[in-house]
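Here the structure is laid out as C-alpha cells; the discussion comes afterwards.
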Amino acid sequence: MKGSQSSLILISIIVSTVNATVPGTASANEINQSQKKKPEYNGAALYPKATNTRDLKNLDGIWNFRRSPTDPEYGYRNGWYEQDLEKTGPVIHMPVPASYNDIGEDASLRDHVGLVWYDRRFHVPPWWIKEEQRVWLRFSSVHYAAQVWVNGKAVTYHEIGHLPFEVEITEFVNYTSSNLLTVVVDNTLLSDTVPQGNIRDIVVGNTKVRQEQTYTFDFFNYAGIHRSVFLYTTPQTYIDDVIVNTDIQGLTGFVVYNVTYKNMIFNTQCLIQLFDKNGSQVAGASDCAGLLEVGNANFWWPYLMHPEPGYLYTLKASILGPLGELIDTYSLNVGIRTVTWSNTTIYINEKPIYLRGFGMHEDSDLRGKGWDPVLWVKNFNLIKWIGANAFRTSHYPYAEEIYQLADEYGIMIIDECPGVDTDLFSDSLLEKHKQSLTELIRRDKNHPSVIMWSISNEPRSNNIRADAYFGKVVKHVKSMDLSRPVTIAISQNYQIDKAGQHLDVICFNRYNGWYANTGSLLNVATNVADEATAWFRKHNKPVIMTEYGADTIAGLHLLPEYVWSEEYQVAVMSEHFKAFDKLRQSGFFSGEFIWNFADFKTAQTITRVGGNKKGVFTRERQPKASAHHLRARYLALAAADAGAAPPPPAHYVSDNAPARHDEL
C-alpha cells in the first residue's frame, strides 16, 4: 500500500509539471476579491493606433502560463504576481491571442474551471518618458474575468469577456529595465455573470479534486487572453473618445461628430478634417463638436446593393495648442449612411433591405476563440462568395478587427452582447447585462456595418420577470444610441414571450424538421410562415428569422434524405426557402439567417459529434452541399432585390436547347 501511494505521488508530480500546475488545497475558484481594482473607464472606446502623437507596441506572442491548483488563493499567497512565474514553479508556453483549452494534449487543461496565470516581460522606450507620454495597457478581450499586475502592482480588474479594457500604467513602468506583466484569468460562470452558468464540485472519496462548469448555451466556454494585447501612448492632454453619427439629404451627406478629451489645458482647440478615399479633404471644422457637410457624397452601401459597397471616409480629429501646435491626433473610418425602420421594414439610406446571412461563432481549430486574421479574411471571402450581406455576432461581441473588415466590405452586422440564455433576471445580473451593453456600444458605435443591437439570444422570456428586465435593458440601450433598432433572438413561443413588446425588430429562432418533428419535412414551410406572421400580428414590427437548420456530417450522403446527411440539410433549407419566398411578399419580413456559418465546438454531449455540425461550411471552412445550395439562393435574392436577372450557375450545365437532327 505504501509503495502504491509513492507511485501516485510521483505520477501527480509529473502531471503537475506537464500541466504547469502547482499543487494546493481545495477551495472555491475565483479571483481574489481583495485584489480587485475597478478600471477608470467602462471599457475602451478607441481602437489603439500609432499616429503623429501616439506610439503603439503589440504584446502578442508566446507568454508563460500556469494552471492554478484547486485552491485559487495559492498563487496569491505565494506571490506569483510579484516575480516571473517560471521562478515559482513549472510553466508552459501559451500563445496570445488564443484560447488555452486546445493548446495542450490533456483533458484537464481543456476542461479546466477556475484560474490560470499568464506572464511576460516587455520594454518601454526611454523616449516615452522624455516626451512625457502617458502609457496605456489595453486588452482586447480576456474571458471571463481578469486581474492585471505590472511589476507586482495591481493595476486593473475587468469582468465580462469579449470586450476590451484598458488602464494607464505610466506610474508603474520602468524605463531603464524590463517590466513584468502578469494576468490571472478566471473562466468561472455563475448565475450573475454574462453569460450565466453553474459550478459544482467533483469529489473523489472525501477530497474535492476539481470543479465542473455547466451552462445551457450550445458553444464551448473557451477561455484565455483571446485577442491582442497592446501597449500604447498618448500625450498628457489626449483625445478620449470620438462619437460620429451620419445623415443624408438627397445627395448630401452629413457627419455629426463630438470629440472629447482629457486633462484639458487652456487655449486648446480642435481641428476636424474629413478625407475621401483618394486622400482629398472634403470637409473640415475647428470645433470639438459640430456638423460636417459633404456635397455629392459617396454613401456606405451593403454588399451587392451598390457597385461600390462599403465606401469609407477618414475623419481626422486633432487637438491644437495656443500656438497651433499639434497636441494629439486620432483618425477613424466613417461610413455615411442612415438606418431607419418602420413597423414593417428596415431601411439603409432610405432604401428597404432584405438581410441574407448567418449566425456565426468566433471558433476554429486550435485557437478556439482566439483572434486569427487568416481565419477571418477567409471567412469574409466565403461570406462574399456565398452572396450574404449580413451576420449576427452570436452570441457575444467579436474582435474589433472583424467589424473593421465588415465596414470595408459592406457586410451588415447585428451586434449581440454576451447575454445568451438569460435566466433568473436578478438585479445583480441586470446591472452586469447593462454594463456589457455600455461597453459594447461605446466600442462599436461608429461602425457603419453595425445596423442593429441584439441584447440577448434565446432568453427565458416566458418568465414574468423578463418583461420589466428587458424593458430596463432596452431603455438603457436607447439612452446611449437611438440610431439603431434593438432586437432579441427569441426562442420562446410568441404567445408566452414577454420581451417582444420592448423591441424594434422581432427576431426568432426555430428548428422545424430538426429539434421539432425530427426528420419530417411535411409542415416546415407552413410552420415557418405561420409563426413569422403570428409574430407580426402580435407586435406590428419587422420580423427576421435568425436561426434555422440541421446538423450535418460532411461527407455523409443518404438518399432518400435522412437526418445528419448532407441531403437532409439541403432539404430542410429548401422547405424554409419556400416559406421565406412567401414571407418576402408579405411586406413585413426583413431577413433570413441560417444557423450556422461553420461547424463549431461545444461541450461534450451525446447530441453533438465533436461539436455542433449545423454549419454550411466545416470547421476547416470547406463547403458542404448546403453551401452551394445557399449560394444559389443568396445570389438570386441579391439579383432580384436589385432588379437584375439571376446569375448563371457557377459551372456550365446546359443551353436548354433541343438536340438538332439533320436528315440526309
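The values are calculated or read from the model by the stated rules, or taken from the named source; none is laboratory data. Everything numeric here is computed off the predicted structure, so don't read it as measured data. Reconstructed Cβ throughout: ideal geometry from the backbone, glycine too, with neighbour counts over all protein chains shown. For the accessible areas, the whole protein counts, side chains as well, though only heavy atoms, and no ligand, DNA or RNA atoms are used. Shrake-Rupley method; radii C 1.70, N 1.55, O 1.52, S 1.80 Å.
Descriptive notes on the structure:
- Considering only residues in segment 469-485 that are out of contact with any His (no Cβ under 6 Å at 6 or more places or on another chain) and free of Cβ contacts under 8 Å to residues at least 40 places away in the same chain, the one that is surrounded by the most Cβ atoms within 10 Å (Cβ to Cβ) turns out to be K478.
- Among (1) at pLDDT 95 or above; (2) in a loop (DSSP other than H, G, I, E, B) - the single one D241 does not satisfy: (2)
- In segment 96-122, the residues that are within 19 Å of L85 (Cβ to Cβ) and open to solvent by 10 Å² or more (accessible area, probe 1.4 Å) reach residues that are part of a loop (DSSP other than H, G, I, E, B) and at pLDDT 95 or above with C-beta atoms within less than 6 angstrom, at least six apart or across chains, in these pairs: P97/H226; P97/R227; P97/S228; P97/G370; P97/W371; R121/S178.
- The condition of being of a type in the set (V, I, T), over 24 Å from T487 (Cα atoms) and open to solvent by less than 10 Å² (accessible area, probe 1.4 Å) holds for V616.
- Residue in segment 138-160 that is among the charged types (D, E, K, R) and out of contact with any Phe, Trp or Tyr (no Cβ under 9 Å at 6 or more places or on another chain) present: no
- Of the residues in segment 546-554, none is closer than 24 Å to R465 by Cα and among the aliphatic types (A, V, I, L, M).
- When the residues of segment 409-424 are filtered to those that are open to solvent by 10 Å² or more (accessible area, probe 1.4 Å) and over 20 Å from F220 (Cβ atoms), the one that is modelled with the highest pLDDT is Y409.
- Within segment 620-653, the set of residues being open to solvent by 60 Å² or more (accessible area, probe 1.4 Å) and either in contact with a His (Cβ under 6 Å, 6 or more places away or on another chain) or at positive phi (or both) comprises G643 only.
- Those residues of segment 469-514 which are assigned to a helix (DSSP H, G or I), more than 22 Å from the chain's Cα centre (by Cα) and among the aromatic types (F, W, Y), in sequence order: Y469
- The sole residue among I327, I265, I348, I272 that is under 29 Å from the mean Cα position of the chain (by Cα) and of a type in the set (A, V, I, L, M) is I348.
- Taking the criterion of being farther than 16 Å from E416 by Cα and either in contact with a helix residue (DSSP H, G or I) (Cβ under 7 Å, 6 or more places away or on another chain) or not acidic (D, E) (or both), the residues of segment 484-498 that qualify are Q492, N493, Y494, Q495, I496, K498.
- Residue count, segment 157-166 (criterion: in contact with a Lys or Arg (Cβ under 8 Å, 6 or more places away or on another chain), surrounded by 22 or more Cβ atoms within 10 Å (Cβ to Cβ) and in a strand (DSSP E or B)): 2
- Unique residue being more than 30 Å from I239 (Cα to Cα), out of contact with any Gly (no Cβ under 6 Å at 6 or more places or on another chain) and charged (D, E, K, R) when the list is E73, E132: E73
- Tally, over segment 131-143, of residues that are surrounded by fewer than 23 Cβ atoms within 10 Å (Cβ to Cβ) and either outside any strand (DSSP E or B) or without any contact (Cβ under 8 Å) to a residue 40 or more places away in the chain (or both): 3
- Residue that is farthest from G387 (Cα to Cα) [pool: residues in segment 282-312 that are more than 28 Å from the chain's Cα centre (by Cα) and among the charged types (D, E, K, R)]: D287
- Condition check for G279: under 24 Å from N349 (Cβ atoms) and at pLDDT 95 or above: no
- Against the test of being open to solvent by less than 10 Å² (accessible area, probe 1.4 Å), part of a strand (DSSP E or B) and more than 17 Å from G61 (Cα to Cα), the options V194, V183, V148 yield a single qualifying residue, V148.
- Count of residues meeting criterion [open to solvent by 50 Å² or more (accessible area, probe 1.4 Å) and either part of a loop (DSSP other than H, G, I, E, B) or in contact (Cβ under 8 Å) with a residue 40 or more places away in the chain (or both)] in segment 245-278: 14
- Unique match (being closer than 30 Å to R138 by Cα, of a type in the set (D, E, K, R) and open to solvent by 30 Å² or more (accessible area, probe 1.4 Å)) among E431, E439, E458: E431
- Residue check for S449: among the polar types (S, T, N, Q), in contact with a Lys or Arg (Cβ under 8 Å, 6 or more places away or on another chain) and closer than 24 Å to G335 by Cα: no
- Residue list for segment 433-478, filter: within 20 Å of R392 (Cβ to Cβ) and aromatic (F, W, Y): W453, F470
- Only listed residue being among the β-branched types (V, I, T), out of contact with any His (no Cβ under 7 Å at 6 or more places or on another chain) and under 24 Å from I594 (Cβ atoms), chosen from I441, I464, I488: I488
- In segment 301-385, counting only strands (runs of 3 or more DSSP E) that sit wholly within it, the ones holding 1 or more residues that are touching a residue at least 12 places away in the same chain (Cβ under 8 Å), open to solvent by 10 Å² or more (accessible area, probe 1.4 Å) and in contact with a Gly (Cβ under 6 Å, 6 or more places away or on another chain) span 326-334.
Every residue, every condition in (1) of a type outside the set (S, T, Y); (2) open to solvent by less than 10 Å² (accessible area, probe 1.4 Å); (3) outside any loop (DSSP other than H, G, I, E, B); (4) closer than 24 Å to I383 by Cβ, yes or no:
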residue	(1), (2), (3), (4)
K538	yes, no, yes, no
G555	yes, no, no, yes
L558	yes, no, no, no
F577	yes, no, yes, yes
L583	yes, yes, yes, yes
N596	yes, yes, no, yes
I606	yes, no, no, no
V609	yes, no, no, no
